[in-house]
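Structure record follows, encoded as structure tokens.
The values are calculated or read from the model by the stated rules, or taken from the named source; none is laboratory data. Note that the structure is predicted; figures quoted are calculated from it, not measured. All Cβ positions, even for glycine, are placed from backbone atoms using ideal geometry, and neighbour counts span all protein chains on display.
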Amino acid sequence: MFRKRYGNEYITAKDGTVIPTTAKQINFKSLWDMLRSSDESVFTKNKWIYDGDFKFCDGEKLPSKIAFNTYPRSGNSFLRKYLEQLTGISTGATTQLHTSSSLQIQGLKGEYICDDRTWIIKAHHPMLLQGVLKFNSDKVVCCVRNPLDVILSFASLINTMSHAAQPEFSYDKDYP
């Protein structure tokens, strides 16, 4: 599944994280300058950034980090994908791969990475889970969803062990 999703441009490290081998990487300062520019030729020259394969930063020290803090099942994967489409940069995450490898296979290649390869990092803080990566951030984006919806969605995740599957029963019909 990994090779089908990522081709030969990436490999996995011993801890399961994704490492670019021949895949292009983005210099954050250059990306930032491009995003702030009103010169169309700058964007045209860098349109490779938006080819659908979200890239890692080149590892150069980033000027800031953004913590993307949510409660599980609050829409964080959806918003992460949107942020990746806007920036061209893969988002990171603090959660161990044994609970999020399905997200990695679905294209969120920054799972369990919060170093200078990623700029925006998902965390379920202040709910600290065992084994999460710790990092410092300068800014925080918080995604909030109606708690009544989150409870049902989280129960579905726990019962199916899947981010997409639904349980064989209906909460509102079978457990009113």
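So the values come out like this:
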{"read-out": "Test set (1) under 19 Å from the mean Cα position of the chain (by Cα); (2) surrounded by 14 or more Cβ atoms within 10 Å (Cβ to Cβ) - ASN159 fails condition number", "value": "(1)"}
{"read-out": "Some residue of the stretch 55-72 being within 11 Å of the chain's Cα centre (by Cα) and either within 22 Å of SER162 (Cα to Cα) or assigned by TED's automatic domain parsing to the domain that holds SER153 (or both)", "value": "yes"}
{"read-out": "Residue match in the stretch 99-113 (condition: exposed (fewer than 12 other Cβ atoms within 10 Å of the Cβ) and without any contact (Cβ under 8 Å) to a residue 24 or more places away in the chain)", "value": "no"}
{"read-out": "Flag if GLN96 is under 18 Å from the mean Cα position of the chain (by Cα) and surrounded by 14 or more Cβ atoms within 10 Å (Cβ to Cβ)", "value": "yes"}
{"read-out": "In the stretch 98-150, the residues that are of a type in the set (Asp, Glu) and farther than 26 Å from ILE26 by Cα", "value": "ASP149"}
{"read-out": "Tally of residues being surrounded by 18 or more Cβ atoms within 10 Å (Cβ to Cβ) and either of a type in the set (Asp, Glu) or closer than 19 Å to ILE26 by Cα (or both) across the stretch 77-93", "value": "10"}
{"read-out": "Failed item in (1) farther than 20 Å from LEU83 by Cβ; (2) in a strand (DSSP E or B), with GLY131 passing the rest", "value": "(2)"}
